[in-house]
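The values are calculated or read from the model by the stated rules, or taken from the named source; none is laboratory data. All of these numbers come straight from a predicted model, not from anything done at the bench. When we count neighbours, we look across all protein chains shown, and the Cβ atoms used for this are built from the backbone with ideal geometry, even at glycine. Protein only, heavy atoms only, side chains kept; ligands, DNA and RNA dropped before computing areas. Shrake-Rupley method; radii C 1.70, N 1.55, O 1.52, S 1.80 Å.
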Amino acid sequence: MTRSRIIACGLVAVVALSLVGCGSSDSGGGATGRPASADSKGGAKKKLVIGFAQTGAESGWRKAETQSVKDEAEKRGIDLKFSDGQGKQELQIQAIHSFIQQKVDGIILAPVVVTGFEPVLKEAKEAGIPVVLSDRAVEVKDPSLYATLVGSDFVDEGKRCAEYLGKKMNGKGNIAEIEGNSGSAPQIERKKGFDEALAKEFPNIKIIADADGKFEIAKGKEVMEAMLRANGKNINAVFCHNDDMGLGAIQAIQEAGMKPGKDILIATIDGEKLMVQQVADGNSNCCVECKALLGSGLFDAIQQAIDKKILPKKMIQKDDQFDETNAKAMVETRKY
Ligand code: AHR
């Protein structure tokens, strides 16, 4: 063999070996290229692929929920396709379209607002992909467009804040309300629970200021500053639809030279460790929990929906409450 023929043969062998290598690394994934694992009967079992259209990262609660879903997916060997909606419905709808195109096995949606999801949920249903709602409801004419909602009773959370503040204010005075992002289920339902309980049980307490704080610390602070400028010392208490806005309100009250938790009473919702600490320190008064670690419940629900089990339309978690009676003891137990 000539020298040039020997080099040519060597090159062919290298190319052939590398082609075998490519083929074998792909051999377990089937048509999708996803890794596969063996089931109990020794057959190939497809790894579950779930799309998660998250609202965004507006609050500590939301970040804890995202982490809980990611951790649980890893624990269960689920291929999670995560999309951060950045508080924008159009991004969430785009993410769901992309999940449908990728033929995921199921979709988890934490809707930023209640309206406007019906058409895309219909597309998911037509593609045979079950949807589980995380923490927030949607308004749809056809309830079969989603399997279930895993979350808390937002109306009750608002009611509990009204009952706490109403008693603490001896049934009289003025309240400022800092709401979550307008049109979202927690904003609508917490406001309903709070306003209705106040009107029914404490008719001599008035809501004298009301604004959207978008569930964010910075916005909560900005809104509280504006309320203090406009209403000054007339505000006896503030109800914040989440802890982050409450943390912002505490800063605004302190910077205005007043004592949060004393000069102005505060009730919030979520149960973040940072806020339970503020209650323990006397800077805030009442924090109603909204359970954030939903990963396990969400994946249980989506698995049942994939298995075509009929689920109740709501799977509600029971929430705790932290105030002067228990906050000090509970701070260290908080996981988020
Ligand atoms: O839907 C749950 C709410 O959304 C939480 O109270 C809030 O912190 C989050 O942004």
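Here the relative contact order of segment 154-290, from alpha carbon pairs under 8 Å that lie six or more residues apart, stands at 26 percent. Residue by residue, segment 197-211 carries 3J(HN,Hα) couplings of 5, 5, 4, 6, 9, 9, x, 8, 9, 10, 8, 9, 8, 7, 8 Hz when phi is fed to the Karplus relation 6.51 cos²θ - 1.76 cosθ + 1.60 (θ = phi - 60°); x denotes Gly or Pro. Dimensions of the chain from C-alpha coordinates, computed as largest minus smallest value along each principal axis and given longest first, are 101, 47, 36 Å. Its Cα gyration tensor gives segment 154-290 an equivalent ellipsoid, and the semi-axes of that ellipsoid, as √(5λ) in whole Å with the largest first, are 18, 17, 15.
For the peptides 182-195, 286-299, 141-154, what is the packing order when you average, over each peptide's residues, the other Cβ atoms within 10 Å and list the highest mean first? Could you put the intermediate results ahead of the total?
Values: 182-195: 21.2, 286-299: 23.1, 141-154: 18.9.
Descending packing order for the listed peptides: 286-299, 182-195, 141-154.
Rolling a 1.4 angstrom probe over the chain with all protein chains present gives an accessible area of which 54% lies on carbon and sulfur atoms.
Need one number: % antiparallel among DSSP beta bridges in the chain, to the nearest 5. All intermediate terms of the calculation are to be shown ahead of the outcome.
Details: 5 of 43 bridges.
About 10 percent, rounded to the nearest 5.
Sorting 163-169, 108-114 by average packing, meaning the other beta carbons within 10 Å per residue, from highest down gives 108-114, 163-169. What nm distance separates the two modelled labels at K46 and D320, each placed 7 Å from Cα along Cα→Cβ? About 4.1 nm, to one decimal. Its alpha carbons give segment 79-137 an Rg and a Dmax of 10.4, 29 Å. Distance between the C-alpha centers of segment 251-314 and segment 93-148? Whole Å please. Between the Cα centres of segment 251-314 and segment 93-148 lies a distance of 25 Å. Under 19 Å from a label point 7 Å along Cα→Cβ of K335: give me every residue in segment 107-141 with its amide N that close. Hits in segment 107-141 for K335 at 19 Å: 134-136.
Do you know the relative contact order of the chain, to the nearest whole percent, from alpha carbon pairs under 8 angstrom that are 6+ apart? Show your work: numbers first, answer last.
On the way: 672 pairs, mean separation 54.6, N = 336.
Reported relative contact order: 16 percent.
With viscosity set to 1.002 mPa s at 20 °C, what whole-number translational diffusion coefficient in µm²/s follows for segment 220-336 from Stokes-Einstein and a Kirkwood radius over Cα pairs? After rounding, the answer is 137 µm²/s.
So if R0 is 45 Å, what FRET efficiency would I207 and K125 give, r being the distance between their Cβ atoms, rounded to the nearest 0.05?
Numbers: r = 40 Å, r/R0 = 0.89.
E between I207 and K125, to the nearest 0.05, is 0.65.
Straight Cα distances below 14 angstrom link K103 to the aspartates and glutamates D79, E123, E126, with same-chain residues fewer than 8 positions distant left out.
Which entries in K70/K167; K159/K314; K167/K313; K75/K314; K47/K335 show an alpha-carbon gap greater than 31 Å? Walk me through the numbers before you get to the answer.
On the way: K70/K167 40 Å; K159/K314 19 Å; K167/K313 34 Å; K75/K314 25 Å; K47/K335 29 Å.
Distance filter (> 31 Å) returns K70/K167; K167/K313.
Each label was represented as a point 7 Å from its Cα along the Cα-to-Cβ direction; for K233 and K262 these points are 1.6 nm apart. In degrees between 0 and 90, to the nearest 10, how far off the longest principal axis of the chain does helix 154-168 point, with axes built from Cα atoms? Compared with the principal axis, the helix lies near 30 degrees.
Between K200 and Q94, the simple spin-label model (points 7 angstrom out along Cα→Cβ) gives 4.3 nm.
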